[in-house]
Each structure stands twice: as structure tokens, then as C-alpha cells.
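Participant: So that we are looking at the same thing, I have put the structure below in C-alpha cells.
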Amino acid sequence: MKDTLDQHRVAAEPWYKPQGDEVALFTAAWTARMPVMLKGPTGCGKTRFVEHMAWALGRPLVTIACNEDMTASDLVGRFLLDAEGTRWQDGPLTFAARHGAICYLDEVVEARQDTTVAIHPLTDDRRALPLEKKGELLRAHADFLLVISYNPGYQSLMKDLKQSTKQRFGALDFTWPEPGIEAEIVAHESGVEAGTAGRLVEIGTRARNLKGHGLDEGLSTRMLIHAGRLIAGGVAPRAACSMALVRPITDDPDMRDALDAAVATWF
């Protein structure tokens with residue numbers, strides 16, 4: 001099992017630039033074994049933060065990308081048939097609970113509510129997971145921690161967490177870093193010089209002001225890093241911004257023109 005568990009260890013430190021006291025608060029939550037909910041827009045650093053904290057705490061990290069087709073069996077496990085007969089295969093949630101990993105459910109609202117209720121017994125004082133098909137009540141490892149993330153900007157009546165789920169977690173709010181920090185992140189991750197990174201952040205800030213006024217979502221830090229990597233690779237800045245920032249986020253001609261104008265202001 002050691003070899004399997006080692007596949008989930010974060011071997012090298014993921015670079016993360018703190019924005020506040022989120023590192024200390026997450027560490028305190030892990031010490032108290034309090035499940036943690038990360039809330040914030042797409043591409044603002046939630047996943048990188050979890051990877052960094054798993055490395056800092058020395059715990060394996062099991063990441064699950066949630067989707068609407070995911071069933072409770074996909075999380076918990078199922079019986080499989082092989083040449084030797086029937087055998088039980090732990091799902092990723094069960095594997096993490098059994099061996100003391102951090103289990104990260106990314107964009108948890110993408111999963112159906114009848115699937116996410118499977119996590120409830122692990123997020124209260126029981127810290128147990130009933131494996132009904134197997135007839136086992138799994139007591140979570142002492143080092144197990146459950147972390148979920150989602151983007152509140154996509155909330156709707158049909159796609160949101162139940163209150164019975166939300167109230168089992170402590171929550172950390174994430175947002176876009178303040179410009180100086182974001183420019184440092186873009187420069188570090190993409191390899192562009194500081195001035196170029198600052199101009200990319202200015203473009204991102206302008207685009208985010210258009211959220212709700214033609215754009216469903218603002219430009220993410222991840223997208224700014226993509227543009228920076230293209231520029232660092234020799235692509236002309238305007239072409240890099242068009243490819244990495246403008247074209248992916250909208251198909252509306254007027255909105256593209258507005259974003260292209262913002263790019264032209266800085267490049």
C-alpha cells in the first residue's frame with residue numbers, strides 16, 4: 001500500500017503566495033480535523049493552495065474533479081470482477097479516509113446532491129464512512145481531512161450545496177489577489193519580467209470590471225499566467241493576449257472589441 005499512497009504525495013513544494021492568514025487558518029483547521037470549504041472564482045489559486053498545504057503538512061493529497069455523472073459509488077467504491085472472482089475496490093474518498101490523506105473535492109457543486117451526501121458521515125463527530133455494499137463501517141484515519149471547493153459565482157437554485165452540507169465545514173474565501181501580489185504571481189509562474197506581468201494584471205482588472213456587464217466571469221489569474229507564458233516564449237503580446245485572454249472568455253464581437261482595446265492600451 002505504501003507505493004500506492006506515495007503516488008499521492010506532493011514531492012516538491014508548490015509555490016504559493018499567501019494573500020492573508022489562509023495558511024495559518026487551514027493549519028489550525030487540520031489540527032482540529034475541521035473539514036474545510038474553499039470558496040472563490042475559477043482560476044484564483046484554490047487548487048494550488050490545497051497542494052501547497054498538503055506539502056506543508058506532509059500529507060498525501062487525493063484530488064477528485066467532480067462532475068454531474070459522478071455517483072456515490074465513484075467516491076466510495078464498488079465490487080469488481082476479475083480473474084480471481086469478486087473483489088472490493090476502494091473509491092478515492094474511501095482510500096483517503098482509510099490511509100489518512102487529504103481528500104480534495106474540486107468544484108463539488110458539479111456533483112449531484114445525492115452523491116455529495118455520501119461525505120456527511122465523514123464531516124461530523126462520527127468521522128466514519130459506512131460501506132454498505134461491503135458491510136463495513138470505516139473509521140477515518142486520524143490524519144484524514146476533507147476539503148471541498150466551489151465557485152459561488154455559479155450558484156443557482158439547481159446547483160448549490162445544501163445547508164446540511166455547508167454547515168459541516170469551516171470556510172475560507174478566495175478572490176483575485178491584490179494587483180501587486182498578482183503581478184508577482186504572474187511573473188513567477190510565467191517567466192515574464194515584472195513590467196509585463198503588471199500590464200497583464202491591469203488588463204485582468206479591467207476585464208473583471210465587466211463581470212455582469214457582458215462577461216459571466218472575469219479573467220482568472222490562471223489565464224494571465226497562460227498569456228505570460230506565451231509572451232515569455234516569444235509570442236507578440238497582443239497576439240498572446242488575444243489567444244489566452246480574449247478569445248477563450250467571450251464570443252460576443254462587441255465584448256471582444258472592448259477587451260482588445262484594453263489590451264492595446266497596455267501593449
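Participant: Rounded, prolate or oblate, given the Cα gyration tensor of the stretch 227-267, with a/c below 1.5 counting as rounded?
Facilitator: Taking the square roots of the gyration eigenvalues as a ≥ b ≥ c, the stretch 227-267 is oblate.
Participant: Note down the relative contact order for the chain as a percent, whole number, built from C-alpha pairs under 8 angstrom at least six residues apart.
Facilitator: So the answer I get is 19 percent.
Participant: In what order do Asp124, Asp260 fall by count of nearby beta-carbon atoms within 10 Å, going from fewest to most?
Facilitator: The order, fewest Cβ neighbours first, is Asp124, Asp260.
Participant: Same structure, new question: So how do Arg127, Arg87 line up by other beta-carbon neighbours within 10 Å, fewest first?
Facilitator: The order, fewest Cβ neighbours first, is Arg87, Arg127.
Participant: Moving to a separate point now. Could you work out how far apart the two model spin labels at Ala12 and Arg256 are, taking each label as a point 7 Å from the Cα in the direction of the beta carbon, and quote it in nm?
Facilitator: Reported label-point gap for Ala12 and Arg256 is 3.7 nm.
Participant: Also, I was wondering about something else. Taking +1 at the Cβ of each Lys and Arg and -1 at the Cβ of each Asp and Glu, which of Leu200, Leu219, Leu105 sits farthest along the dipole of the chain towards its positive end, judged by Cα position relative to the Cα centre?
Facilitator: With unit charges placed on the Cβ atoms, the residue in question is Leu105.
Participant: Among Leu215, Leu122, which comes first, second and so on when ranked by fewest other beta-carbon atoms within 10 Å?
Facilitator: Leu215, Leu122
Participant: Cα gyration tensor of the stretch 4-97, axes a ≥ b ≥ c as square roots of the eigenvalues: rounded (a/c below 1.5), prolate (a/b > b/c) or oblate?
Facilitator: It is prolate, given that a/c is not under 1.5 and a/b is the larger ratio.
Participant: Let a ≥ b ≥ c be the square roots of the eigenvalues of the Cα gyration tensor of the stretch 143-267; is it rounded (a/c under 1.5), or, if not, prolate (a/b larger than b/c) or oblate?
Facilitator: oblate
Participant: Given Lys134/Lys162; Lys134/Lys166; Lys39/Lys211; Lys39/Lys162, which pairs have Cα atoms separated by over 23 Å?
Facilitator: Listed pairs above 23 Å: Lys134/Lys162; Lys134/Lys166.
Participant: Quote the relative contact order of the stretch 13-90 in percent (integer), defining contacts as alpha-carbon pairs under 8 Å separated by 6+ residues.
Facilitator: Averaging sequence separation for qualifying contacts and normalising by length gives 24 percent for the stretch 13-90.
Participant: Over the stretch 196-246, calculate the relative contact order: mean separation of alpha carbon pairs under 8 Å at least 6 apart, over the residue count, as a percent.
Facilitator: Contact order relative to length: 32 percent.
Participant: Further, regarding this structure: Where in the stretch 208-227 does the amide nitrogen come within less than 19 Å of the point 7 Å from the Cα of Arg238, taken along Cα to Cβ?
Facilitator: Answer for this model: 227.
Values quoted throughout were computed directly from the atomic coordinates according to the rules given, and no laboratory measurement underlies them. Treat the numbers as computed from the prediction; the structure is a model and nothing was measured. For neighbour counting, all protein chains shown are included, and Cβ atoms are generated from backbone atoms with ideal geometry for every residue, glycine included.
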